[in-house]
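Beneath this line is the structure, given in structure tokens, with notes to follow.
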Amino acid sequence: MLAYTYIEQGKFELREKPIPEIKDSRDAIVRVTLGSICSSDLHIKHGSVPRAVSGITVGHEMVGVVEKVGADVTVVKPGDRVTVNVETFCGECFFCRRGYVNNCTDPNGGWALGCRIDGGQAEYVRVPYADRGLNHIPDTVSDEQALLVGDVLATGFWAARISEITEDDTHRESK
């Protein structure tokens with residue numbers, strides 16, 4: 001499969017890589033149908049993310065169709081259309097139990113996709129903790145609409161929340 005790969009600071013290449021396989025019983029393999037590039041991918045390119053692994057497929061904003069699931073995956077099945085969470089998380093470590101999943105201490109947790117493990121700028125992606133990291137897309141929602149649910153919506157929501165925007169700030173009178 002083709003994958004957009006981080007080589008070294010300032011350099012990405014489109015490379016041929018094997019289709020990912022299930023490594024853990026909680027994994028799923030997703031065929032990526034649509035993805036987007038995040039500013040975090042650009043930070044990797046410019047060397048601003050020291051934990052990024054050379055040779056990694058970048059990308060953590062994607063939607064797709066489940067192709068395979070591990071034996072312990074119960075929430076999704078092959079054929080399901082899904083969004084892929086930006087963060088993967090175990091749900092069991094100190095941080096996950098307190099809701100800080102971005103700080104998950106598992107090697108496949110936190111911001112792993114597209115940084116420390118192969119991400120979604122490829123034809124397929126392995127998603128650890130699939131029961132926590134994949135969400136069904138309703139039939140009435142297009143891939144283009146669903147793609148915005150991940151990082152884009154979360155970033156905008158959080159910016160509005162920490163800005164303490166109220167209903168009064170958004171109300172306009174009709175003239």
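Any read-out appearing in this document is the output of simple, stated calculations on the displayed coordinates, not a laboratory observation. Just so you know, these numbers come straight off a predicted model, no measurement behind them. Reconstructed Cβ throughout: ideal geometry from the backbone, glycine too, with neighbour counts over all protein chains shown.
Observations on the model:
- Electrostatic bookkeeping for Ser39 treats Lys and Arg as +1 and Asp and Glu as -1; over the other residues with beta carbon under 13 Å from its beta carbon, the sum is -2.
- Charge dipole (debye, nearest 20) of the chain; +1 at Cβ of Lys and Arg, -1 at Cβ of Asp and Glu: 380 debye
- Set of region 12-47 residues, backbone N closer than 17 Å to the point 7 Å along the Cα-Cβ line of Glu123: 14-22, 29-35
- Ordering Leu113, Leu134 from the fewest to the most neighbouring beta carbons within 10 Å gives Leu134, Leu113.
- Among residues other than Leu153 with Cβ under 14 Å from its Cβ, the summed charge is -3 (Lys and Arg +1, Asp and Glu -1).
- Within region 72-150, the trypsin sites (Lys or Arg not before Pro) that combine a DSSP coil assignment with at most 12 other C-beta atoms in a 10 angstrom radius are Arg98.
- Pairwise FRET efficiency - Glu16 versus Ala154, Cβ, R0 = 35 Å, nearest 0.05: 0.60
- Rounded FRET efficiency, nearest 0.05, which uses the C-beta distance separating Glu8 from Leu34 and R0 of 35 Å: 0.80
- Helices in the chain, meaning DSSP H runs of at least 4 residues, each add -39500 (n - 2.57). Divided by all residues, the mean residue ellipticity at 222 nm is -4500 deg cm²/dmol.
- Alpha carbon centroid spacing (whole Å) that separates region 98-175 from region 3-55: 17 Å
- Diagonalising the gyration tensor over the Cα atoms of the chain and scaling each eigenvalue by 5 before taking the square root yields semi-axes of 27, 21, 18 Å, largest first.
- Förster-model FRET efficiency, 30 Å R0, Ser25 and Arg161, C-beta, rounded to 0.05: 0.25
- Each of Gln145 and Leu42 was given a label point 7 Å from its Cα along the Cα-to-Cβ line. The distance between the two points is 2.8 nm.
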